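Novice: Pasting a structure below so you can have a look.
Rule-based calculations on the coordinates, nothing more; no lab input. Here the structure is a predicted model, which is why all the values come from computation and not from measurement. Neighbour counts run over all protein chains shown; Cβ positions are idealised from the backbone, glycine included.
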Amino acid sequence: MENVESQTQKQPSKLLKQKWFLYATEFFSGMSVMAIELGASRLLAPYFSSSQIVWTIIIGAIMIAMALGNVIGGRSADKSSSADRLYLRLLIVAVWIAAVPFVGKYVIAVISLLLAVLAGENFLIFASLFTCAVLFVFPLLLLGTVSPTLAKLSVRSLDESGKTVGELGALNTIGSIIGTFLPTFVTIPTVGTALTFVIFAAVLLVISLVYFLFEYCHIQPKKIIKPCIALLLTVGFSILSSFSTFAFWAEEGDSFYEDESIYNYLQVTDNERYTYLSTNVLFGVQSVSPKQGTLTGLYYDYALAAPFLSGLTPDSEGEMLILGFGTGTYAKQCLTYFSKLKIVGVEIDEKILDLSFDKFGLSKDEERLTTSVFDGRAYLRMSNETYDVIMVDAYRDITIPPQMSSVEFFSEVKEHLRDGGVMVVNLNMVSEEDGSINEYLEDTIASVFPTVYTVDRGSNRELFACNGGEVLASLTDNATTAPIELQNVMKTVANKTQRYEGGSYILTDDKAPVELLGMKVIDDMIEEEISYYKELLKGKSIKEMIEIVTK
């Protein structure tokens, strides 16, 4: 056996003598690694967000898997540099990756259920870590074995070993670069995450099938059985995955729309009263459009105090800038209640902006509305305009982007406000804990603006930062000509609003750990929500837990 194996290694097969095929394997393997990594972030986003914390977990888990794969692949190649084993591993990866979009949500559900019962703090961290480990460590470990095995198969003599290994490394890197850009800018926004997984599973499948068909089709047909099984499984999972949906929590009877952009997973749900947009998170909504009337019953209604605080009335001419336009809920309200107000809306996600016109009732013919696809802070830097009101509602996933939460950013906002102008900021995840994310944001804003007010609405807090003195007393007076329903809301806001005195929790461009602060609040919210289920499932077997949850 040793002699036969030795001869096999010294005499490469006809296909493997063509070094281009080995190089192509390296190239597409490197491409697939990055595509899987980017797909993993989008797959986890609806459940655990796409924050830097989740990205860190994904990158860390994948790098560990690749490192282990390199070690295992190198040792395996030294023992037996069998091309059959290499391409069988790629077949396994193809099947596994094709199955991920279909089985992924169920894996997430089971892991989340178990951690809800067993875990204490850092639920999102552990849930995303274990999910990533179960779904992606094994296939990435197998892909980690590719490079050392190909190096063993490609090197014909020691004299060219450095050149060959260098070329393989370069091809892997080039493939990784393309595998980074292609999913982000082409496949995910065009065909979605599920089909992105399917596409790259198909790439690995084709490479392996070419090898086995070329090597064994006419010599040992039995060797084709495993590749054929892999083909059937990959096709089967691909079909299931293409019809699968991430948002399996949508309520029965709701009309449903799902899409993906460069930045976000998008979900639109619709019922008798409202149309909602959710992005990247299992709970909460980012935009809402009421079917009757204009008031939402949510924080947007309280934010309507900002124009009145700036001295505007329903008939005044004025200008407003909205950073984080979303689908235009706030803009639609302001256009309705302020007849001469001109609005500029800035939204970084073009697909969300399109939804504002396609599904949320904004008119493209509205002359008083101008929209722009841009990052909010970058827009401020390139603009010389000033405004009566600037609305900052640029939440992404669980928190405000760091670059839009610092002293430097709010100073730029202040520079773009007219005398007496008002900035209104939506703060969600209200927490009374000392040193919470909202306290940091409030203190930071209070260090820039002379007058700051806050008012709570459910789990949201509206913050009004005034580029002038005390203006709260004029709130209800300026709203006297507004419709009665809006006057009543303004009276409520005036009664509940409190003056905020700043403290020492300051965020800067250099140091703004908003994601860690936001994660802490999310953990507290989850702990409060699942305490009931912890008590209910305490002492129960796995079977009993499943029966309780599925009732």
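Novice: Using the alpha-carbon centroid of each, what span in Å lies between the stretch 367-411 and the stretch 326-349?
Specialist: One Cα centre to the other: 14 Å.
Novice: Which GluC sites (Glu not before Pro) does the stretch 267-349 hold that lie in a coil by DSSP with at most 12 other beta carbons within 10 Å?
Specialist: GLU272, GLU317
Novice: Mean Kyte-Doolittle of at least 0.5 plus a Cα span of 20 Å or more along the axis: flag which DSSP H helices in the chain meet both, please.
Specialist: What comes out of the filter, once short or polar helices are dropped, is 19-48, 52-79, 83-118, 161-182, 193-216, 225-242.
Novice: Ok, one more. Please report VAL146, VAL471, VAL134 as a ranked list, fewest other C-beta atoms within 10 angstrom at the top and most at the bottom.
Specialist: VAL134, VAL471, VAL146
Novice: When a/c reaches 1.5 or more, the comparison of a/b and b/c decides; with that in mind, is the stretch 2-242 rounded, prolate or oblate per its Cα gyration tensor?
Specialist: In terms of gyration-tensor shape, prolate.
Novice: If you don't mind, another one. Out of [x] 34.7; [y] 30.5; [z] 29.2, which label holds the value of mean projected area of the Cα convex hull in nm² that was computed here?
Specialist: Calculated mean projected area of the Cα convex hull in nm²: the matching label is [y].
Novice: As a test of the formula, what do you get for the chain when each DSSP H run with n ≥ 4 contributes -39,500 (n - 2.57) and the sum is divided by the residue count, at 222 nm and rounded to the nearest 500 deg cm²/dmol?
Specialist: Here the helix-only value at 222 nm equals -17500 deg cm²/dmol.
Novice: Stretched out fully, how many nm does the piece from ALA67 to LEU240 gain, at 0.36 nm a residue minus the Cα gap?
Specialist: That works out to 59.1 nm of additional length.
Novice: Taking R0 as 25 Å, what's the FRET efficiency between LYS340 and ILE484 from their Cβ-Cβ distance, rounded to 0.05?
Specialist: Rounded to the nearest 0.05, the efficiency is 0.75.
Novice: Kindly flag which residue pairs out of LYS79/LYS222; LYS364/LYS496; LYS359/LYS496; LYS152/LYS223; LYS340/LYS491; LYS19/LYS226 have an alpha-carbon separation exceeding 29 Å in this structure.
Specialist: Beyond 29 Å: LYS364/LYS496; LYS359/LYS496.
Novice: By count of other Cβ within 10 Å, fewest leading, how are TYR337, TYR453, TYR216 ordered?
Specialist: Ascending Cβ contact count within 10 Å gives the list TYR216, TYR337, TYR453.
Novice: Efficiency by 1/(1 + (r/R0)^6): what FRET value for ASP159 and ASN384, r their Cβ-Cβ distance, R0 = 51 Å, to the nearest 0.05?
Specialist: 0.20
Novice: What order do you get for LYS163, LYS222 when you list them from fewest to most C-beta neighbours inside 10 Å?
Specialist: By the 10 Å Cβ count, ascending, the order reads LYS222, LYS163.
Novice: Shape of the stretch 344-398 from its Cα gyration tensor (a ≥ b ≥ c, root eigenvalues): rounded if a/c is under 1.5, otherwise prolate when a/b > b/c, or oblate?
Specialist: Oblate is the answer for the stretch 344-398, as a/c is 1.5 or above yet b/c matches or exceeds a/b.
Novice: If each residue of separation counts as 0.36 nm, what is the full-extension length gain between GLU350 and VAL107 once their alpha-carbon separation is subtracted?
Specialist: Here the answer is 84.3 nm.
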